[in-house]
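The values are calculated or read from the model by the stated rules, or taken from the named source; none is laboratory data. Keep in mind that what you see is a predicted model, and the values were worked out from it rather than measured. Reconstructed Cβ throughout: ideal geometry from the backbone, glycine too, with neighbour counts over all protein chains shown.
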Amino acid sequence: MVNELLYYIPAGQYGKEGVLALLEQHPEIKFVSLVGVDLAGNDTDEKIPIAMFFDDYESFFEGRAVQTDGSSVVLTGIATLNNARVDIWGDPSVNWFIDYNYENIDPATGLPTGTLRIPAFLMHNERYVDSRSILKETLDFVKAEVMALLKNNKVKGMEHVNVDDIADLVFTTATELEFWVKTPSKVVSTKELSTSQKLQEQYWQRTHGTVRTAMEQAVEMLEAYGLNAEMGHKEVGGVKGKIDDEGHMDHVLEQLEIDWKYTGNPLQTADNELQARIIVREVFRENGLDVTFQAKPIIGVAGSGEHTHFGLMAKMKNGKMVNLFSPEDMKKAFLSPLGIGAIMGLLKNYEVINPFISSTTDSLNRLKPGFEAPICIVTSLGNQPDEPSRNRTILCGLIRDIGNPMATRFELRSPNPYTNTYTAIALIYSAVLDGLRYVITSGKTPDELLAELSKNPEDPADYLETGRAYRSEKNVFEDYTEEERNSRYGMPPATVWENILGFKNNPAKVEALVNGGAFAKDLMESFIAGILNRWKLELINRLIPANINTIRAMKPIHDDDGLDISRWEAINEMRYYLAKDTGSNTSLFTRIGHAIAEGDYDTASKLQMEMNEKMLDLEAKYAEYTRNVL
């Protein structure tokens, strides 16, 4: 069956007639869907009969084939109930994927029914307002700005690149996917998971049974869809599965990772990631396993990240590619001046970028000290240029191979599988541009730029901020106290509201990233309004009810033992403080609801942090209590 199916149509390989001729050879492809992506990263999906695509091909790329109600997608403050129409425009510049329904077999061909998914843009009031268009327009703007800067300025340390010979700039990007898989309806204790993690029983271990089968099938399927899969392996989280009486794997709960090759088109990178999530979820579901891409599905156990790699290449007129982040001599310098400028721009502006990377309570639950969580705005380059950095405690690391200048890039470690990769990459390169503007126009030598990046907090600087450090080759969790970390690298946000304040309290940095309208300020503010609304709804309608269920499940199980009685009384007092309103006490949960209703988000944020701490304490106390009851 695999050889009979068409999995994707490569960008630029077929014109209209070629595409239609190809589809005529595959009558199992019965539907078309235009895939726009709103500001929350949600992708649209429709089922349009393929005959309409044959009848009016051009309409799918002119915004005439599909319109949707924009008030029902996340375009907060842009598409409203009285101005809701959004037109969907197909994008011919990227790969188109075919999504197969293996549960709906076409009787004529005996093959699964397919839907041609065409990535698309969303237009509202004659203006593109979606995540894909934000990325495309940002890259176009950054490319034009960098080319102009390089042509009008001589950069010390970049003499090995003849600017006049540059034909184009190429943005190299890649993502990877971590996720948890489990047997539906089976429960594994957090303690068991935590113990397995501390004993390092899972990382890169051999997979077994249905997990192995699904992993192999997923990697093969990524290859079939043209994603150039590189590997799949077990991650740090999970426990060993059990075998039931019929010899099948049961009680599966494992953390996995799948990687695929980078691209030179960030739009394709983000589209590939979206397709990879679909493939992974469907393949594992067909094998009887649930998949979650949550950043922190289990508190107290390693979460799932989605490290995002970014670089910058110059395509020369003779066809040769030059990595603009690599120095002329890889053994004598860590980075070129442009590479230093790129990381400086990202780190300086990260408080504004952070809400777009970690936009939910779930994502911030992952960003805690330990488990290699990137909570500090800091980079690592390595102790010496001939010694690559291996520091996993930093936010954004330098990836380099001394013998391969083309491999030089940065790895941003804070994104998670539900980060909106389109807007994240747009802001990454907007920040890179801000740093490049400084470096290219400063006239500074590479050594002077490296000294600024490596400065101590008290050192003044022309671009980076006094009072902050930006580089560390140390373990930032073990070699600094929490107070020292916060002083050197800034206070990490604990809630979505605190993260939003990073955007609201840094208007100059917001303006630096707006970049002449490529990622317009009103679209940024729409994104922020959307995540604020989601935070409020999740806090009131998901997090608090989940905590109430946990509290209600805590019952007294002791007899007449003094210690057990005193422990239960302490537990019950906490239960009442958190969840029970009385004549003399308003519960913490109710106070959170009141603060949200009144728009007092500072108070709601502080109460949420208190709730999180008390719930952890309560669960620990209840576990201690139950262990002592025989």
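Which number in (1) at pLDDT below 95; (2) assigned to a helix (DSSP H, G or I) marks the one condition that MET344 misses?
(1)
Going by the conditions given, is SER472 surrounded by 14 or more Cβ atoms within 10 Å (Cβ to Cβ) and in contact with a strand residue (DSSP E or B) (Cβ under 9 Å, 6 or more places away or on another chain)? Outline the logic, then answer.
On the way: surrounded by 14 or more Cβ atoms within 10 Å (Cβ to Cβ): yes; in contact with a strand residue (DSSP E or B) (Cβ under 9 Å, 6 or more places away or on another chain): yes.
For SER472, the condition - surrounded by 14 or more Cβ atoms within 10 Å (Cβ to Cβ) and in contact with a strand residue (DSSP E or B) (Cβ under 9 Å, 6 or more places away or on another chain) - is met.
Just one of (1) under 29 Å from the mean Cα position of the chain (by Cα); (2) more than 23 Å from ASN272 (Cα to Cα); (3) surrounded by 13 or more Cβ atoms within 10 Å (Cβ to Cβ); (4) of a type in the set (S, T, N, Q) trips up THR80, so point out which.
The one condition THR80 does not meet is (3).
How do the pairs read when you match residues in the range 204-231 that are at positive phi with residues anywhere that are loosely packed, with under 15 Cβ neighbours inside 10 Å and in a loop (DSSP other than H, G, I, E, B), using Cβ under 9 Å and keeping only pairs 6 or more apart or on different chains?
Between residues of the range 204-231 that are at positive phi and residues that are loosely packed, with under 15 Cβ neighbours inside 10 Å and in a loop (DSSP other than H, G, I, E, B), the close pairs are GLY209/HIS248; GLY226/PRO10; ASN228/LYS261.
What about THR207, is it of a type in the set (Val, Ile, Thr), in a loop (DSSP other than H, G, I, E, B), at pLDDT below 95 and over 22 Å from the mean Cα position of the chain (by Cα)? Spell out the reasoning first.
Details: of a type in the set (Val, Ile, Thr): yes; in a loop (DSSP other than H, G, I, E, B): yes; at pLDDT below 95: yes; over 22 Å from the mean Cα position of the chain (by Cα): yes.
Considered against the rule, which asks whether it is of a type in the set (Val, Ile, Thr), in a loop (DSSP other than H, G, I, E, B), at pLDDT below 95 and over 22 Å from the mean Cα position of the chain (by Cα), THR207 comes out as yes.
Tell me, which residue of the range 370-400 that is under 22 Å from the mean Cα position of the chain (by Cα) and of a type in the set (Ser, Thr, Tyr) is modelled with the lowest pLDDT?
Among them, the one singled out is THR393.
Does THR495 satisfy being over 30 Å from HIS160 (Cβ atoms) and either in contact with an Asp or Glu (Cβ under 6 Å, 6 or more places away or on another chain) or at pLDDT 95 or above (or both)? Break it down into steps so the answer makes sense when it comes.
Details: over 30 Å from HIS160 (Cβ atoms): yes; either in contact with an Asp or Glu (Cβ under 6 Å, 6 or more places away or on another chain) or at pLDDT 95 or above (or both): yes.
Yes.
Which strands (runs of 3 or more DSSP E) sit wholly inside the range 1-101 and have at least 3 residues that are not polar (S, T, N, Q)? Show your work before the answer.
Working: elements: 29-35, 66-69, 85-90.
Qualifying strands (runs of 3 or more DSSP E): 29-35, 85-90.
Matching residues to (1) among the polar types (S, T, N, Q); (2) buried (at least 16 other Cβ atoms within 10 Å of the Cβ); (3) within 22 Å of ILE298 (Cα to Cα); (4) in the same structural domain as LEU75 (by TED's automatic domain parsing):
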position	(1), (2), (3), (4)
PRO545	no, no, yes, no
ASP561	no, no, no, no
THR582	yes, no, no, no
ALA595	no, yes, no, no
ALA620	no, no, yes, no
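Given (1) in contact with an Asp or Glu (Cβ under 8 Å, 6 or more places away or on another chain); (2) at pLDDT 95 or above; (3) surrounded by fewer than 21 Cβ atoms within 10 Å (Cβ to Cβ); (4) not in a strand (DSSP E or B), where does LEU433 come up short, assuming only one miss?
Exception for LEU433: condition (3).
With the requirement that a residue be out of contact with any Ser or Thr (no Cβ under 8 Å at 6 or more places or on another chain) and more than 11 Å from PRO355 (Cβ to Cβ), what does the range 515-524 give you? Can you show your working first?
Initially, the range 515-524 is screened for residues out of contact with any Ser or Thr (no Cβ under 8 Å at 6 or more places or on another chain), giving 516-517, 520-524.
Correct list: GLY516, GLY517, ALA520, LYS521, ASP522, LEU523.
Is it the case that the range 49-70 has a residue that's more than 18 Å from ARG127 (Cβ to Cβ) and in contact (Cβ under 8 Å) with a residue 60 or more places away in the chain? Before you say what the answer is, go through the steps one by one.
From the range 49-70, those more than 18 Å from ARG127 (Cβ to Cβ) are 49-60, 65; that's our starting set.
Cutting the leftovers down to in contact (Cβ under 8 Å) with a residue 60 or more places away in the chain gives us 50, 53.
Within the range 49-70, one or more residues are more than 18 Å from ARG127 (Cβ to Cβ) and in contact (Cβ under 8 Å) with a residue 60 or more places away in the chain.
List pairs: first residue in the range 142-166 and in the same structural domain as LYS317 (by TED's automatic domain parsing), second residue acidic (Asp, Glu) anywhere in the structure, Cβ distance under 6 angstrom, at least six positions apart or on different chains.
Once the first residue is in the same structural domain as LYS317 (by TED's automatic domain parsing) and sits in the range 142-166, its partners that are acidic (Asp, Glu) give HIS160/GLU328.
Could you check the range 91-132 and list, in sequence order, the residues that are of a type in the set (Gly, Ala, Ser), surrounded by fewer than 24 Cβ atoms within 10 Å (Cβ to Cβ) and on the phi < 0 side of the Ramachandran plot?
Let us first name the residues in the range 91-132 that are of a type in the set (Gly, Ala, Ser), namely 93, 108, 110, 114, 120, 131.
Okay, now just the ones that are also surrounded by fewer than 24 Cβ atoms within 10 Å (Cβ to Cβ), so 93, 108, 110.
Result: SER93, ALA108.
Taking the options LYS606, LYS536, name whichever one is over 25 Å from the mean Cα position of the chain (by Cα) and either buried (at least 16 other Cβ atoms within 10 Å of the Cβ) or among the basic types (Lys, Arg) (or both). I'd like the intermediate steps shown before the answer.
Working: LYS536 fails: over 25 Å from the mean Cα position of the chain (by Cα).
When all the criteria are applied, what remains is LYS606.
With respect to GLU137, determine if the residue is without any contact (Cβ under 8 Å) to a residue 40 or more places away in the chain, of a type outside the set (S, T, N, Q) and either under 21 Å from LEU227 (Cα atoms) or out of contact with any Asp or Glu (no Cβ under 7 Å at 6 or more places or on another chain) (or both).
On the way: without any contact (Cβ under 8 Å) to a residue 40 or more places away in the chain: no; of a type outside the set (S, T, N, Q): yes; either under 21 Å from LEU227 (Cα atoms) or out of contact with any Asp or Glu (no Cβ under 7 Å at 6 or more places or on another chain) (or both): yes.
So GLU137 does not fit the description; no.
Which of the residues belonging to the range 102-126 are more than 22 Å from ASN420 (Cβ to Cβ) and not in a loop (DSSP other than H, G, I, E, B)?
Correct list: TYR102, GLU103, ASN104, ILE105, PRO112, THR113, GLY114, THR115, LEU116.
So is GLY36 of a type outside the set (S, T, N, Q), surrounded by fewer than 21 Cβ atoms within 10 Å (Cβ to Cβ) and under 25 Å from TYR418 (Cα atoms) or not?
Numbers: of a type outside the set (S, T, N, Q): yes; surrounded by fewer than 21 Cβ atoms within 10 Å (Cβ to Cβ): no; under 25 Å from TYR418 (Cα atoms): yes.
In short, no.
Counting residues that are among the hydrophobic types (A, V, I, L, M, F, W, C) and more than 30 Å from ASP165 (Cβ to Cβ), which strands (runs of 3 or more DSSP E) fully inside the range 276-334 reach at least 1? Let's see the steps before the verdict.
On the way: elements: 290-292, 308-316, 321-323.
It comes to 290-292.
Does the range 491-533 hold any residues that are buried (at least 21 other Cβ atoms within 10 Å of the Cβ) and on the phi > 0 side of the Ramachandran plot, and which are they?
Result: ASN515, single match.
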